[in-house]
Amino acid sequence: MEQYMKALILAGGFGKKLMPLTMDQPKPLVEIGGKPILVRQIEWLRGQGISDIILAVGHLRTKVFEKLGDGSKYGVRLFYSVEEEPLGTEGAIKNASKYIDTDLFVVTNGDVITDIDISALVKGMGDGLATIALVPMRSPYGIVEVDGNGYVKSFKEKPLLEYMINAGVYVMKRKTIDMMADKGDIEKGVFPKLAKEGKIRAVIYNNSFWRSIDTVKDVEEISAMLAAKQVS
């Protein structure tokens, strides 16, 4: 990464759908293929030249402190932005603004595993104020194809669909923080404002690895997927 940036990981989720895995630990510490989600995210960011990372934490945050410390064992510097109550994605960014002193910064949801190239988001911003990563939507169900006579032609297990979805990875200019509310979500707050002004752009990643961890089934499937790909 040519331009120095900090990254903010939104890691304050409760992870209720991941019970019992989140009974005594926050969602971002759930292990995927033997590594906590947060560790995989830190390694992804570090691999792209980002070494200063802010963690927006709330629920069971002491567990995160104990597990990750100052980040030195992962080759990064970690800063902690504490939320005493859930603030939403936009509120979490604004709450962490005291740690964001770079013109550009990366924001990622704390429940995604990806290899998205962040430099493409920087290049794709142009004269905008933010760039959002989009990935193809994956069907949550297997698809059955049937011909005109009612014969089954094929079975496709959770294929990619034609629609694009928000990958939960963004690059933003610091001045966008001034447009944010103390509480709320960016998808309902600052992003619609930027879209109305023509100041937010998108980069489509058709061939990147991206998965969101929402359920116990996701943990099992993605762990198996990473093992099959022999990803460390």
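The values are calculated or read from the model by the stated rules, or taken from the named source; none is laboratory data. Just so you know, these numbers come straight off a predicted model, no measurement behind them. Counting neighbours? That spans all protein chains shown, and the Cβs are built from the backbone with ideal geometry, glycine included. Only protein heavy atoms, including side chains, enter the accessible area calculation; ligands, DNA and RNA are left aside. Shrake-Rupley method; radii C 1.70, N 1.55, O 1.52, S 1.80 Å.
Things to note:
- Residues of the stretch 184-200 that turn out to be outside any helix (DSSP H, G or I) and either surrounded by 18 or more Cβ atoms within 10 Å (Cβ to Cβ) or of a type outside the set (Asp, Glu) (or both), as a count: 7
- Residue in the stretch 212-232 that is out of contact with any Asp or Glu (no Cβ under 7 Å at 6 or more places or on another chain), buried (at least 17 other Cβ atoms within 10 Å of the Cβ), in a strand (DSSP E or B) and not polar (S, T, N, Q) present: no
- Residue match in the stretch 67-82 (condition: open to solvent by 10 Å² or more (accessible area, probe 1.4 Å), touching a Phe, Trp or Tyr at 6+ places or on another chain (Cβ under 6 Å) and closer than 24 Å to Asp185 by Cβ): yes
- Meets criteria (at pLDDT 95 or above, closer than 26 Å to Lys17 by Cα, not in a helix (DSSP H, G or I) and not polar (S, T, N, Q)) for Val203: no
- Filter result for Leu55 (farther than 26 Å from Lys175 by Cβ, aliphatic (A, V, I, L, M), surrounded by 14 or more Cβ atoms within 10 Å (Cβ to Cβ) and modelled with pLDDT of 95 or more): no
- A count restricted to the stretch 1-42 and to residues that are in a loop (DSSP other than H, G, I, E, B), of a type outside the set (Gly, Ala, Ser), touching a strand residue (DSSP E or B) at 6+ places or on another chain (Cβ under 7 Å) and open to solvent by 10 Å² or more (accessible area, probe 1.4 Å) stands at 1.
- Residues located in the stretch 116-143, provided they are open to solvent by 30 Å² or more (accessible area, probe 1.4 Å), at pLDDT 90 or above and either over 23 Å from Ile42 (Cα atoms) or β-branched (Val, Ile, Thr) (or both): Val122, Gly126, Asp127
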